[in-house]
Ligand code: ADP
């Protein structure tokens with residue numbers, strides 16, 4: 001055994017990678033050509049990283065001669081992609097080409113594994129390097145990192161394991177060789193490859209050369225110069241009039257995880273306090289990992305066309321993390337360190353300006369195209385509203401287009417619509433939160449509001465339940481949950497009756513309070529029920545009921561304060577129980593609590609008992 005063989009190590013892919021590879025290799029995904037886009041994109045990132053490092057590290061030679069080469073060997077049936085970027089050492093290979101750092105992978109695999117997922121999701125999800133296995137049955141990577149003397153070889157057939165060993169690769173950078181599968185011979189055509197490069201990677205900022213073995217033979221005597229296939233221009237610095245929609249789309253696909261068309265392209269140059277050019281996109285669909293805790297924003301920062309970072313969370317607020325694009329500024333120095341960037345006045349100014357601009361575009365979208373806006377809002381509204389849960393200067397701008405479903409007229413309205421079209425004397429914005437419109441409209445707490453045609457916002461995004469109580473007010477209107485505390489909606493015939501509340505009723509309430517004291521915090525005569533016998537509400541300063549359920553469903557602990565039982569003293573069921581003797585009351589009054597629980601859509605501890613009691617009560 002030679003020394004080299006002895007050092008070869010074989011490693012199992014992470015379970016998730018194995019599953020992913022299985023899906024990728026056997027997929028019937030039609031656009032297999034995207035593998036090249038993924039590999040070129042990795043090469044381009046590698047070149048950008050080395051360019052950045054060489055700018056900041058004075059001990060390194062500054063180089064600007066970055067390039068990506070693709071070579072086809074028809075006879076050997078291989079495609080080789082070479083770059084002179086940052087390269088990988090053994091550790092990099094092991095962790096980058098054996099695991100998946102991408103958030104949302106688990107969900108993705110599950111969906112695809114269950115065959116529930118749409119096959120096009122592969123393209124949308126962007127399986128990166130692993131997409132090589134869509135067209136090849138053997139991948140060999142040779143690489144030398146810029147700061148290393150040793151080079152390494154990574155090999156795998158994509159079936160469970162990969163191996164890493166030392167090799168002799170003299171140049172800094174990476175070379176990836178794919179052995180093309182039998183049925184994928186079309187990728188051994190130079191013209192096909194050139195077409196794919198132009199289609200997906202035209203704006204990659206480094207020259208891409210395509211050559212083939214057959215070519216080489218032909219040109220041996222002619223000494224022809226290699227021709228660059230892509231334009232390699234920074235599209236964001238080009239004049240808008242010279243950019244086609246198709247170019248924007250390709251750039252969008254290249255820089256984001258979206259492979260469809262953007263909903264809106266926002267391309268502008270800002271001059272003044274800070275100078276920068278920005279090309280941003282509003283996406284049409286949700287990225288897979290939108291709600292994953294590791295999800296970062298999707299903006300790339302450049303300084304004079306030099307890539308600086310794509311991990312800068314101060315560049316745009318987290319609640320706009322779905323917006324891909326680039327920002328290029330002249331106002332930062334090229335060798336600025338990533339740490340300093342985190343707290344930098346120029347970045348903060350750019351961030352604020354970008355945010356304003358994006359919010360304005362969304363506002364315009366709402367005005368100009370209702371249907372597109374509604375779709376956009378469905379996808380991203382809940383994320384944008386996270387911006388209302390934090391302290392910032394953008395609340396009013398977010399409110400410009402934030403819409404809610406409401407009980408009157410079943411329309412989507414803004415808060416401004418609410419306080420103008422549906423104003424009420426109490427200066428309150430009433431809301432109720434729950435699963436969906438139908439449930440909420442049938443809630444007992446809605447009864448009086450429906451009767452009086454007082455509009456109530458129907459809140460079905462959990463995020464609203466967090467920011468609304470915190471925000472407290474919109475203009476001079478107070479956010480008021482109708483499932484919490486007392487309600488007072490002006491003249492109410494029941495109020496008068498309440499004041500003249502008979503001794504009989506007050507004794508009954510007193511009795512219920514005592515009898516149900518283990519189950520409820522208090523028992524009150526309801527002002528909000530007109531049809532149902534009873535309902536539950538949260539006490540004024542307690543957590544709202546639906547929020548509590550949400551938190552419990554997410555295993556978050558909440559105080560287990562009890563709720564308040566409200567009863568409708570006009571209701572025949574209540575009157576019936578009230579008319580019973582002490583012994584019967586002891587037996588039947590629990591019905592009123594169980595009834596309220598059922599109205600909340602909750603399970604009863606003993607449903608049979610409840611049914612039997614009702615049947616018995618009716619025949620009394
Ligand atoms: P992603 O590019 O989304 O991170 P990939 O699966 O495409 O995911 O690549 C995984 C990682 O492997 C990259 O993030 C990078 O660190 C490394 N890598 C891939 N290709 C290259 C390359 N040509 N040069 C240097 N590093 C690379």
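In this calculation the C-beta distance from residue 539 to residue 503 is compared with R0 = 35 Å, giving a FRET efficiency of 0.85. Given their separation in residues at 0.36 nm each and the Cα-Cα distance between them, residue 513 and residue 330 gain 58.8 nm when the chain is fully extended.
Here the stretch 527-567 and the stretch 377-393 have alpha carbon centers that stand 25 Å from each other. What relative contact order, as a whole-number percentage, does the chain give when Cα pairs under 8 Å and 6 or more residues apart are counted? It rounds to 9 percent for the chain. Once the C-beta distance of residue 580 and residue 602 is scaled by a Förster radius of 22 Å, the resulting FRET efficiency is 0.30 to the nearest 0.05. Can you tell me how the stretch 494-620 classifies by the Cα gyration tensor, rounded, prolate or oblate, using a/c under 1.5 as the rounded cut? It comes out oblate by the Cα gyration axes. Evaluated over the Cα positions of the stretch 191-328, the convex hull gives a direction-averaged projected area, one quarter of its surface, of 10.8 nm².
Let me know the shape class of the stretch 230-291, please: from the alpha-carbon gyration tensor, a ≥ b ≥ c as square roots of the eigenvalues, rounded when a/c is under 1.5, otherwise prolate if a/b is greater than b/c, or oblate. Oblate. Cα centroids of the stretch 408-452 and the stretch 189-207: 55 Å apart. Modelled spin labels at residue 345 and residue 106, positioned 7 Å past Cα toward Cβ, are 4.4 nm from each other. Ranking of 483, 557 by neighbouring Cβ atoms within 10 Å, starting from the fewest: 557, 483. Derived value for the chain: Kirkwood hydrodynamic radius 29.0 Å. Basis is the mean of 1/r over every pair of different alpha-carbon atoms.
Relative intensity of the stretch 3-218 on a log10 scale, I(q)/I(0) at q = 0.09, 0.15, 0.16 Å⁻¹, equals -0.36, -1.02, -1.16, per a Debye sum over C-alpha point scatterers of equal strength in the absence of solvent.
Helical runs (DSSP H, four residues minimum) scored at -39500 (n - 2.57) apiece and divided by the length of the chain put the mean residue ellipticity at 222 nm at -11000 deg cm²/dmol.
Between the alpha-carbon centres of the stretch 152-166 and the stretch 231-287 there is a gap of 37 Å.
Multiplying the residue separation of residue 245 and residue 369 by 0.36 nm and removing their Cα-Cα distance gives an extension gain of 42.7 nm. In plain terms, the residue of 184, 478 with the fewest other Cβ atoms within 10 Å comes first and the most crowded comes last, giving 478, 184. Stretching residue 149 away from residue 275 to a fully extended chain increases their span by 41.2 nm, per 0.36 nm per residue minus the current alpha-carbon distance.
Laboratory data are not the source of any read-out in this text; all were calculated from the coordinates shown. Please read these numbers as outputs of a predicted model, since none were measured by experiment. When we count neighbours, we look across all protein chains shown, and the Cβ atoms used for this are built from the backbone with ideal geometry, even at glycine.
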